[in-house]
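The values are calculated or read from the model by the stated rules, or taken from the named source; none is laboratory data. Model, not experiment: these values are computed from the prediction. Backbone-built Cβ (ideal geometry, glycine too); neighbour counts: all protein chains shown.
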Amino acid sequence: MSNSIYDPIAQALNLDPIHHNFDKFVLMSSGRLDHRGELNPFYGLNHTEDSKKKMSETRIREGTFKGENNPMFGKSARPMLGKKHSEESKKKMSISAKKRGANRTGAFTEEQKKNISKGLLARPIIKCPHCSMESKNNANMVRYHFDNCKFKVGI
């Protein structure tokens, strides 16, 4: 499969042309190869009984992710369970939270409240063409109205 348009891509991705069907080569937006469904090189094929036996023996022998081989072995899913933050840590967290603009209770200063209010009042009113709903909340309007409006004719 030399001089193919896929050769530079295959070289950049370190792909072996023997193991990849470049006729169905699709690059996902993330930059990774799309191997879903028919694009998977193993699509429609089955492991031989010999291969299945070898894989089974390897898993039994090496204990894939069993006991100490498991990356979470001996670790808690909740690392702070039963522990307390030191006074120094609490002070750091307090300072960090205050820098975010609100204290731990979520209260804003009067100046912050005025700025938030100005920003919300400055938003334009948008109207759904199907149900005539008006709102300044663009996110909800886009989610529940316009193309998704339940009053849209011809859905």
Query raised in the report: Where in the range 38-121 are there helices (runs of 4 or more DSSP H), lying fully within it, with 3 or more residues that are more than 30 Å from Asn137 (Cβ to Cβ) and of a type outside the set (A, V, I, L, M, F, W, C)?
Result: 49-62, 87-99
Query - Of residues in the range 43-59 being within 26 Å of Asn69 (Cα to Cα) and among the acidic types (Asp, Glu), the one modelled with the lowest pLDDT - result: Glu57
Query raised in the report: Of the residues that make up the range 145-153, is at least one without any contact (Cβ under 8 Å) to a residue 40 or more places away in the chain, among the basic types (Lys, Arg) and assigned to a helix (DSSP H, G or I)?
Result: no
Requested in this report: Kindly check whether there is at least one residue in the range 114-121 that is surrounded by 10 or more Cβ atoms within 10 Å (Cβ to Cβ) and of a type in the set (Val, Ile, Thr).
Outcome: yes
